[in-house]
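The values are calculated or read from the model by the stated rules, or taken from the named source; none is laboratory data. Everything numeric in this text was worked out from a predicted model, so none of it was measured. All Cβ positions, glycine included, derive from the backbone under ideal geometry; neighbour counts span all protein chains shown.
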Amino acid sequence: MGVEWLLVCHGLVTAVVVVSFLCGRWPIFEGTFIQRIHHFLTFGAYDYFLRFVGAVFGHKCMDAVLSVEYYCCDRPNPLLQIVYIVIISVTYYFVAKSCFAYIPGYYLSGIHRYTSLLAVAVGILLFLLTSFSDPGTVNAENVSNYISAYPYDNIIYSEKECSTCKIPKPARSKHCSICDRCVARFDHHCGWMNNCIGEKNTRYFMAFLLWHFLICLYGTVAIGLVLAGRLRELRVVDILTVYYGIENSFLDLAPNIVQWLLGSYNTQILLMVFLAIIGMLLAGFFGYHAKLCITNTTTNETFKWQDYIEWQRKLREAKVSAEALKQSIDGIRSEKQPSSSKWRAFFKKSPLEDVVIVKNNVYDKGFFHNILEVISPFSARWSFTQNKLKSR
């Protein structure tokens, strides 16, 4: 029983670490131990490590560590791409080694040996397509076309020049400091892809997220069916009820079946839990980006809108405060002004109450148009190409 509990504890700790690392900054975890674990994993542990290196080995070693950090975090590098290939390859290897011996089985046919390999191959293909495709690089040749495709809204985007590329900066674009290029309809720089996610490859990125969620769901269900098949083939329920006298009810059988599964198929259960956790994270990430696509917004623009709304709110509060101060001064000066009812003053809305600032996203042109813009970006359309030829 000690081994089973050790496996359960290992799975729970792994789940907490993975969720904390990937989702610790989500608003739902604010102020919780998940956020504190995330801070320790992403900042605290590294800060303590730097101090330790500086105190024990001196500043030269600390400078060497900082150089490695600069290469890994601030420059294009294939480290996370390699990590992805290792994770998906090792996971598939363990799934094949631990589960293929029971396929075909009671619930699964032999075709799943090949469909699983095909699913992983398609996932790797989408990964390569997203990683090595052009995200929509803005240069002197196509900048006028992108300016026509994405007009300035004069709210969060106004006419300006990229200080690095020295070309006009189209609306919705951003100069990526890691890739050192301007990217049209910039969403974010993805370290896993070693590439920016922009106007041209958002569709590949969304397909990558959706497909890998489906792979994790498929793997979780398939392993669950393998274990359920083993229960039927080995007649575990009959053995527990007939030979061990356990009552044939869910509450009595479940603990014994779980104990038997953890003792006999612990590798399969760990793989199933791992795939389920990664699948839930991918589902959340895909849902977030799907919402952005439906509203024709990017990750970069969500921060810009937050800054704009906060600035508008502070500006509105300052104007209301100034108006309230002016009215109070006028009230003091006006001696003949009749006193208002106390009940009316009690129920009167305070001028300092927050006023709702409406986000006016001019790029949101409706559900179908927004989806079409992701599936068929402007730069892939015939009109964009014709404008590019005319500009020459």
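The table below gives the values:
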read-out	value
Verdict on TYR48 being among the aromatic types (Phe, Trp, Tyr), without any contact (Cβ under 8 Å) to a residue 12 or more places away in the chain and out of contact with any His (no Cβ under 8 Å at 6 or more places or on another chain)	yes
Output for segment 140-197, where each listed residue is among the polar types (S, T, N, Q) and in contact (Cβ under 8 Å) with a residue 24 or more places away in the chain	ASN142, SER144, ASN145, SER148, SER173, SER177, ASN194, ASN195
Some residue of segment 97-105 being surrounded by 13 or more Cβ atoms within 10 Å (Cβ to Cβ), within 31 Å of the chain's Cα centre (by Cα) and assigned to a helix (DSSP H, G or I)	yes
Wholly enclosed helices (runs of 4 or more DSSP H) of segment 260-357 bearing at least 1 residues within 41 Å of the chain's Cα centre (by Cα), at pLDDT 85 or above and assigned by TED's automatic domain parsing to the domain that holds ILE239	266-294, 299-333
Hits in segment 278-317 (condition: among the charged types (D, E, K, R) and surrounded by 15 or more Cβ atoms within 10 Å (Cβ to Cβ))	GLU301, LYS304, GLU317
So PHE205, is it on the phi < 0 side of the Ramachandran plot, among the hydrophobic types (A, V, I, L, M, F, W, C), in contact with a strand residue (DSSP E or B) (Cβ under 7 Å, 6 or more places away or on another chain) and assigned by TED's automatic domain parsing to the domain that holds PHE378	yes
Matching entry among PHE29, PHE40, PHE33, PHE52 (being of a type in the set (Phe, Trp, Tyr) and touching a Cys at 6+ places or on another chain (Cβ under 8 Å))	PHE29
Filtered residues of segment 118-139 (kept if aliphatic (A, V, I, L, M) and either touching a residue at least 12 places away in the same chain (Cβ under 8 Å) or part of a loop (DSSP other than H, G, I, E, B) (or both))	ALA119, VAL120, VAL122, ILE124, LEU126, LEU129, VAL138
Some residue of segment 55-70 being surrounded by fewer than 16 Cβ atoms within 10 Å (Cβ to Cβ), among the aliphatic types (A, V, I, L, M), farther than 29 Å from ASP180 by Cα and in the same structural domain as ALA222 (by TED's automatic domain parsing)	no
Filtered residue count, segment 174-193, keeping only those that are of a type outside the set (Asp, Glu), out of contact with any Ser or Thr (no Cβ under 6 Å at 6 or more places or on another chain) and under 19 Å from LEU79 (Cβ atoms)	8
Test: residue in segment 233-246 that is within 19 Å of GLY105 (Cα to Cα), touching a residue at least 12 places away in the same chain (Cβ under 8 Å) and not acidic (Asp, Glu)	yes
Close pairs from segment 297-316: first touching a residue at least 60 places away in the same chain (Cβ under 8 Å), partner surrounded by 14 or more Cβ atoms within 10 Å (Cβ to Cβ) and in a helix (DSSP H, G or I), Cβ under 7 Å, at least 6 apart	THR298/LEU292; THR299/LEU292
Selected residue (only one of ILE28, ILE85 is out of contact with any Ser or Thr (no Cβ under 6 Å at 6 or more places or on another chain), assigned to a helix (DSSP H, G or I) and assigned by TED's automatic domain parsing to the domain that holds CYS196)	ILE85
Options SER116, SER109, SER144, SER131: the member that is loosely packed, with under 13 Cβ neighbours inside 10 Å and at pLDDT 90 or above	SER109
